[in-house]
Structures are given as C-alpha cells and as structure tokens.
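**Student:** I have a structure here, written as structure tokens, and I will follow up with some questions on it.
The values are calculated or read from the model by the stated rules, or taken from the named source; none is laboratory data. A quick note: this is a predicted structure, and the numbers were derived from the prediction, not measured. Virtual Cβ from ideal backbone geometry, glycine too; neighbours counted across all protein chains shown.
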Amino acid sequence: MSSQALSTPRRTGAPGRTAHASRTGSRRSVGRIVVGVVLAAYAAVSVYPFLWMVSAAFKTNAEVQEGGHLIPHHPTLQTFSDTWNKLDFFDYFLNSVKVTVLTTVLVVVIYSAASYAFSVLDFPGKKWLYRLFLVLLFVPGVVTLLPIVLLESKLDILGTHWGLILPFVNGSAPLAILMLTSSFNSVPTELREAARMDGAGELRIFSRIYLPLARPAIVTIALLTAIPTWNEYQLTRISLNDPHSYTLPIALQTMQSSNVVQYNSLMAAALIMVVPVIALFLCAQRYFVNGLMGAVKG
Amino acid sequence: MTTETGTVRGVRPAGNGHGDGNRTAAGAPRGRGPLGRMREKRKQAAWGYLFVAPAILLFALMGVYTIVYGFSLSFAQWNGFWPEWHWKGFKNYTDLLGGSPTYWPIVKKAATNTLWVVIGVPLLTVLVAFPLALVLNSVKRFQGILRSIYFLPYVTTGIAVYFAWNYILEPGGAINLLLKTVGLGSLQEPQGWLGNPHTALPTMIVVMVWSAVPVAMLLYLTGLQSLDGSLLEAAQIDGAGWLRSTTTIVWPLMKPITVVVILLNVRDSLQGFQSFLIMTNGGPGDSTSVLGLETYRLAFLNELSPTLGLASALGWLLFIAALVVAFINQRAMRRMG
C-alpha cells in the first residue's frame with residue numbers, strides 16, 4: 001500500500017531496473033490486497049446496523065425471536081405493511097415531511113440573506129452580530145428546552161408544528177451562517193464590483209451571482225438542517241401532545257415504550273424513517289461533498 | 001459536523017468580510033466626492049440591516065428570551081409549578097461543584113463518565129478516520145461508492161439507528177452471534193453489551209465513534225486531496241518510505257483538520273445525550289450517566305422536585321466547558337499557523 005497510497009504510481013520501465021521494479025510490483029500487489037481488505041472491512045462496519053434493520057423488517061416476530069440469522073428464512077412484507085397501516089405511519093410521515101421541508105426552506109432563505117450581509121455588506125455592529133451567532137453554537141440545547149416550551153405556551157404555538165419549526169430554524173443559525181459566510185467570502189470581489197458598475201442592486205447581485213455560485217454550500221447546509229430536523233426528538237417529545245401531530249421519531253418512541261418491544265415492527269418503522277434520508281443524501285451527494293470541500297479549502 | 005468546516009475558515013470570515021466591504025466602499029464610487037461615498041456607505045449599511053433583519057428578528061423572538069430565561073433560572077429554585085422562583089444566588093453552581101451531598105455524587109459520577117467519552121470519542125475518531133481517509137485516498141476505483149457507504153452512519157444517525165444498535169447489542173443480538181460465528185464465543189456478553197455495567201460505557205463510545213467517523217473521514221479526505229503532491233515526491237526521492245512520509249509530512253499538514261475534528265467531537269461528547277437517553281438511559285446503574293443526560297433528567301424527569309434551576313446551572317457549566325475547549329482550540333490553531 002506504501003508508495004501507492006501517497007502518489008500516483010509511476011511505471012519504472014527503464015532497462016536495468018527490472019529486478020527492483022518487480023519487487024516493488026509484488027509489494028504493490030500485497031499492498032493492494034491490504035487496502036482492499038481495510039476498505040471492505042470498514043464498509044461492513046458502516047452498513048452493519050442497516051443490514052440488521054432490513055433483516056428484521058422482513059422477518060415475522062417469531063423469526064426475530066429465534067434470532068441469529070441475517071437472511072430471513074421466510075421473507076415477508078407483512079411486517080412492513082402492518083407497521084405502515086396499523087400505526088398511521090403515513091400521517092406521521094407527512095408531519096415529518098412538513099416540519100423538515102419548512103424548516104429547511106426557512107433556514108436557507110433567512111441565513112443565506114444574513115450571510116450575504118456578513119460577507120459582503122458593511123454596516124456598524126456587523127462584527128459583533130457575527131460573533132454573537134458564533135457563540136450561540138456552544139449553548140447546549142438542553143438549557144433552552146424548557147424556556148422554549150414556556151415561551152411557546154405564551155405565544156400560543158405550543159404543540160403546533162410551527163412550535164417546532166421556529167426553534168429549529170433559530171437553532172440552525174450558527175452553523176448555517178458559519179458555512180454560508182465562508183462560502184460567500186470565496187466569491188471574487190471583482191464579480192460584485194463589475195455588477196455594481198452595471199447598476200445592479202444588492203438584491204440582484206445576491207440572487208443572480210452569489211446564490212448560484214454558492215450552490216454546493218447551500219445544498220450542504222440544507223442537508224445539514226434537514227437530517228437533524230428529520231431525526232429531532234427532544235423538543236418534539238416535550239412539546240407535542242396530540243398524536244395527530246406526531247412526527248416519525250415520536251411514533252418510533254411510542255412503539256418502543258409499549259410493554260413488549262416487537263423488534264420486527266420497530267425495525268420496519270426505523271427503515272421507513274431512514275430510507276428517505278438516504279435517498280435525499282444520494283441525490284444531493286455530489287453537491288454535498290463539494291460544499292464540504294469548499295468550506296475546508298477556504 | 002460542519003460546524004468545524006465552518007470553523008476552518010470561520011476563524012477569519014468576520015475580518016474577511018470587513019476587508020471586502022471597505023474595498024468596495026473605496027473603489028465603487030469612482031469620480032464622486034466624499035459626499036457620494038458617504039451616501040454609498042449609508043446605503044450599504046441599510047441593505048446590510050435589511051438582509052440580516054429576518055435572522056435577528058427570529059433570534060429576538062426565539063433566542064433572547066429563552067437564553068436570558070434559562071440563565072436567570074440557573075440562579076433560582078423552581079419546579080415548574082410553583083408560582084414563584086426562590087432565588088439562590090450561586091448556590092446551584094456550588095451545590096453541583098461539591099457543595100451538595102445529594103447532587104455532588106451524581107455529578108461526580110456523570111462527570112467521570114463524560115470525561116471518558118470526551119477523551120475516548122475524539123481520540124478514537126481520529127485514529128479510525130485518518131488511516132481510513134489515507135487508504136481511501138489511495139484507490140481510484142470505487143472511491144465514490146465507498147465514500148457514500150462510509151457516510152451512511154452520519155446520514156442516518158438518530159433515533160432509528162439507535163434502536164437498530166440496541167437490537168444488535170441484545171443478549172441474542174447480532175454482535176454476540178458474530179463473535180460465536182468467528183470462534184470467539186468466549187467474548188460474548190450474556191447480558192447484552194449494554195446490560196453489563198463494565199461494557200456499557202465502552203460500547204456507547206464505540207457507537208458514538210461509529211457516528212462520528214464519517215464526517216472526520218470526509219474532512220481528512222478533502223485535506224488529502226488538496227495536498228501538494230510535489231512535496232511527497234520530493235520526500236520519496238530523498239528515500240523516505242510510506243510510513244515516514246505519512247508521519248513526518250502528511251500528518252503535520254493535516255493538523256488543522258485534526259483540531260477541527262477534535263473540537264467538534266468534544267463539543268458533541270460534552271453536550272450530546274440523545275443516544276444515551278434512547279439506548280441506556282444512564283444504566284445499568286449509573287454506568288452510562290453523562291452530564292448532558294443528567295441535565296435533561298434534572299429538568300424533565302424529576303417529577304415535582306424543584307431541580308429546574310440546578311439543571312439550568314449544569315447546562316451553563318457545560319456551555320462554559322465547551323467555550324473553554326473552543327478557545328484552547330483556536331489558540332492551538334493560531335500557534336500552528
């Protein structure tokens with residue numbers, strides 16, 4: 001794995017070096033096997049829980065209990081459809097989609113605008129506002145949980161989906177501003193100046209130049225908002241009372257706390273929850289990786 | 001995850017933006033007098049406030065109240081139902097830090113566990129992610145597919161996957177089965193990996209590392225792919241082997257990324273508790289109680305006991321700890337250039 005790991009392997013075909021070359025060659029093939037084994041091993045570690053999730057979702061409860069094998073002997077879709085139908089999963093699913101989509105859209109709209117101001121425009125107090133949002137990154141969510149509930153009951157939005165969306169959006173502020181500001185910072189100043197010469201206003205420069213150029217960062221921040229929102233559990237559990245407004249994590253939680261845990265139903269429900277996120281990630285993956293890379297390279 | 005990503009460049013963006021703004025202000029109004037420049041500046045400030053207004057308004061609505069409320073609550077005694085708070089000054093803080101015979105043992109145990117998590121998770125994450133990124137960077141074929149597979153744990157981390165982990169860590173679960181199949185049956189945990197007080201915390205650390213590796217690996221991979229290849233070629237011409245050039249050249253160049261990975265994981269290890277709440281709820285006994293979880297319990301699972309103020313104080317202590325780590329991190333980063 002040695003030389004190969006660090007640089008593009010170069011063919012050393014010059015006569016008189018054949019002995020050397022073949023020795024490196026065999027070492028190289030041993031290296032390749034080692035590399036292959038390491039990569040495959042960690043791939044197995046990464047997917048291991050999902051394999052069992054899928055496995056249990058296609059077993060009957062009896063088969064889950066007899067345990068012990070990854071491939072179901074009598075694969076069945078019954079667990080799946082039972083879980084979906086009996087437990088009103090479609091309603092929970094829609095609630096989750098609603099909360100996640102609204103949160104993500106608001107985060108992208110509100111904080112890309114704010115980040116444009118932090119990156120491009122000059123105004124008194126900007127440095128302090130920016131630092132304020134940075135510090136918020138370190139406020140533990142648990143200390144604001146109770147005040148949020150009390151505040152929302154005063155505002156009369158406790159128990160509604162807006163009562164989840166507004167705190168989620170606000171909580172995403174530090175990360176979104178950090179990432180989008182750094183991304184906007186790397187847009188060449190000349191572009192903006194040229195546009196200003198041509199008489200373009202701020203709104204136009206923002207929407208026609210900055211937003212399109214920062215697309216990887218925006219997709220990245222959208223994913224980084226959507227995934228945790230989809231999975232959010234603590235505030236949701238404390239603030240929602242009406243089962244009709246439940247989102248998927250809470251539905252899962254109630255399934256687990258019913259006296260006997262039926263792992264096949266629980267895993268089928270977990271799979272229903274996980275699959276949309278995986279699909280979303282696979283669709284957005286290209287931008288996502290570029291967005292992270294852009295942020296690191298600076 | 002991206003927290004850090006931001007931080008990599010986030011160290012300077014405020015200054016950066018400032019410079020940009022100044023340059024524009026000076027450069028744009030060509031051929032106009034100081035009056036025009038001032039008007040230009042005022043116009044820009046107005047646009048600036050307009051663009052940040054939604055963010056500030058939302059923060060004023062949801063953030064200011066909750067933070068101020070949470071902070072003042074940390075100096076009070078309250079159970080959520082009493083009509084009034086009882087002011088205690090710094091007593092909540094001193095109680096938590098050794099003053100109270102009831103809470104000090106709980107905090108001490110949770111702090112010890114948290115310390116293991118805060119050391120173990122970042123360290124193991126780096127130890128797994130860096131070599132993994134090195135190896136992944138060396139292959140050309142399947143790199144995209146492998147990257148996606150390795151990223152799965154982050155994408156799905158949350159309640160669903162914690163339940164899946166619970167399922168495979170059960171006494172009759174997949175981990176024990178795996179050990180038996182490969183002939184290591186003696187290593188099985190008959191009570192399940194989370195049921196034995198000695199294995200529960202290490203097991204939780206492994207699960208957390210499993211969730212943390214994807215982002216760290218991706219950040220390292222990014223760093224590796226932007227490395228200047230000529231440095232390494234020069235080292236190889238000088239006769240440095242793979243191991244040597246990795247330890248003396250690549251690893252030092254990756255230091256900023258390592259610092260970021262560690263900061264993020266320290267922050268999550270200090271404050272995070274969702275996996276503990278769902279998978280172990282601190283048990284068995286108090287073998288997996290961590291400070292984040294104790295904060296949550298004091299606030300929400302303590303029935304009518306007046307411990308909301310204590311919970312809040314504990315939360316703010318965690319905040320201070322996280323800030324201190326962030327500060328040290330930034331200093332270390334600056335020192336390394």
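**Student:** Failed condition for B:Lys91, given (1) at pLDDT 85 or above; (2) away from chain A (no Cβ under 14 Å); (3) out of contact with any Gly (no Cβ under 9 Å at 6 or more places or on another chain), with all others met?
**Tutor:** (3)
**Student:** Follow-up question, since we're still on this one. Of the numbered conditions (1) within 26 Å of B:Ala160 (Cα to Cα); (2) crowded, with 21+ Cβ neighbours inside 10 Å; (3) at pLDDT 85 or above, B:Leu264 satisfies every one except a single condition; which is it?
**Tutor:** (3)
**Student:** Which condition from (1) at the interface with chain A (Cβ under 9 Å from one of its Cβ atoms); (2) in a helix (DSSP H, G or I) is the one that B:Gly172 breaks?
**Tutor:** (2)
**Student:** Looking for whichever is touching a residue at least 12 places away in the same chain (Cβ under 8 Å) and closer than 23 Å to A:Pro216 by Cα here; the options are A:Ser112, A:Ser96. Which one fits? Steps first, answer last, please.
**Tutor:** On the way: A:Ser96 fails: closer than 23 Å to A:Pro216 by Cα.
Within the list A:Ser112, A:Ser96, the selection yields A:Ser112.
**Student:** Which condition number does A:Arg204 fail, the rest of (1) under 14 Å from B:Phe51 (Cβ atoms); (2) touching a residue at least 60 places away in the same chain (Cβ under 8 Å) being met?
**Tutor:** Result: A:Arg204 fails condition (2) only.
**Student:** Inside segment A:163-201, can you point out the residues that are within 11 Å of chain B (Cβ to nearest Cβ), over 29 Å from B:Leu264 (Cα atoms) and of a type outside the set (Val, Ile, Thr)? Write out each step before concluding.
**Tutor:** Let us first name the residues in segment A:163-201 that are within 11 Å of chain B (Cβ to nearest Cβ), namely A:163, A:165-190, A:192-197, A:201.
Checking the rest, the ones that are also over 29 Å from B:Leu264 (Cα atoms) come to A:188-190, A:192-197, A:201.
Within segment A:163-201, A:Pro188, A:Glu190, A:Arg192, A:Glu193, A:Ala194, A:Ala195, A:Arg196, A:Met197, A:Gly201 qualify.
**Student:** Also, quick follow-up: Taking segment B:89-115, which residues are in contact (Cβ under 8 Å) with a residue 40 or more places away in the chain and touching a Phe, Trp or Tyr at 6+ places or on another chain (Cβ under 7 Å)?
**Tutor:** Within segment B:89-115, B:Asn92, B:Asp95, B:Leu96 qualify.
**Student:** Where residues in segment A:112-171 are polar (S, T, N, Q) and buried (at least 22 other Cβ atoms within 10 Å of the Cβ), which of them is nearest to B:Val68 (Cα to Cα)? Before you say what the answer is, go through the steps one by one.
**Tutor:** Of all residues in segment A:112-171, those polar (S, T, N, Q) come to A:112, A:115, A:119, A:144, A:153, A:160, A:170.
Retained after the next criterion (residues that are buried (at least 22 other Cβ atoms within 10 Å of the Cβ)): A:112, A:115, A:119, A:144, A:170.
Values: A:Ser112: 27, A:Ser115: 25, A:Ser119: 28, A:Thr144: 9, A:Asn170: 15 Å.
That would be A:Thr144.
**Student:** Take segment B:279-301 and flag every residue that is at the interface with chain A (Cβ under 8 Å from one of its Cβ atoms) and either surrounded by fewer than 21 Cβ atoms within 10 Å (Cβ to Cβ) or modelled with pLDDT of 90 or more (or both).
**Tutor:** Taking segment B:279-301 and keeping what is at the interface with chain A (Cβ under 8 Å from one of its Cβ atoms), we get B:292, B:295-296, B:299-300.
The answer is B:Gly292, B:Thr295, B:Tyr296, B:Phe300.
**Student:** Which residues, counting only those in segment B:42-100, are of a type in the set (D, E, K, R) and either within 28 Å of A:Phe168 (Cβ to Cβ) or loosely packed, with under 14 Cβ neighbours inside 10 Å (or both)? Give the steps one after another, and end with the answer.
**Tutor:** Just the residues of segment B:42-100 that are of a type in the set (D, E, K, R), to begin with: B:42-43, B:84, B:88, B:91, B:95.
Hits for segment B:42-100 are B:Arg42, B:Lys43, B:Glu84.
**Student:** Every residue in segment A:79-93 that is loosely packed, with under 13 Cβ neighbours inside 10 Å and either assigned to a loop (DSSP other than H, G, I, E, B) or not small (Gly, Ala, Ser) (or both), please. Walk me through it before giving the result.
**Tutor:** Filtering segment A:79-93 for residues loosely packed, with under 13 Cβ neighbours inside 10 Å gives A:81, A:85-86, A:90.
Once the filter is applied, which keeps residues that are loosely packed, with under 13 Cβ neighbours inside 10 Å and either assigned to a loop (DSSP other than H, G, I, E, B) or not small (Gly, Ala, Ser) (or both), segment A:79-93 yields A:Asn85, A:Lys86, A:Phe90.
**Student:** Something else now. Among the residues of segment B:147-172, which ones are at pLDDT 85 or above and either over 28 Å from A:Arg237 (Cβ atoms) or over 25 Å from the mean Cα position of the chain (by Cα) (or both)?
**Tutor:** B:Arg147, B:Ser148, B:Ile149, B:Tyr150, B:Tyr167, B:Ile168, B:Glu170, B:Pro171
**Student:** Taking the conditions exactly as written (at the interface with chain A (Cβ under 8 Å from one of its Cβ atoms) and touching a Leu at 6+ places or on another chain (Cβ under 7 Å)), does B:Leu194 satisfy them or not?
**Tutor:** Values: at the interface with chain A (Cβ under 8 Å from one of its Cβ atoms): no; touching a Leu at 6+ places or on another chain (Cβ under 7 Å): yes.
The answer is no for B:Leu194.
**Student:** Would you mind stating whether A:Val139 is more than 7 Å from chain B (Cβ to nearest Cβ), out of contact with any strand residue (DSSP E or B) (no Cβ under 9 Å at 6 or more places or on another chain) and modelled with pLDDT under 90? Step through it out loud before you land on a result.
**Tutor:** Values: more than 7 Å from chain B (Cβ to nearest Cβ): no; out of contact with any strand residue (DSSP E or B) (no Cβ under 9 Å at 6 or more places or on another chain): yes; modelled with pLDDT under 90: yes.
So A:Val139 does not fit the description; no.
**Student:** Before we move on, is B:Tyr162 more than 22 Å from B:Val261 (Cα to Cα), within 14 Å of chain A (Cβ to nearest Cβ) and in a helix (DSSP H, G or I)? Talk me through it step by step, then tell me what you get.
**Tutor:** On the way: more than 22 Å from B:Val261 (Cα to Cα): yes; within 14 Å of chain A (Cβ to nearest Cβ): yes; in a helix (DSSP H, G or I): yes.
Yes, satisfied.
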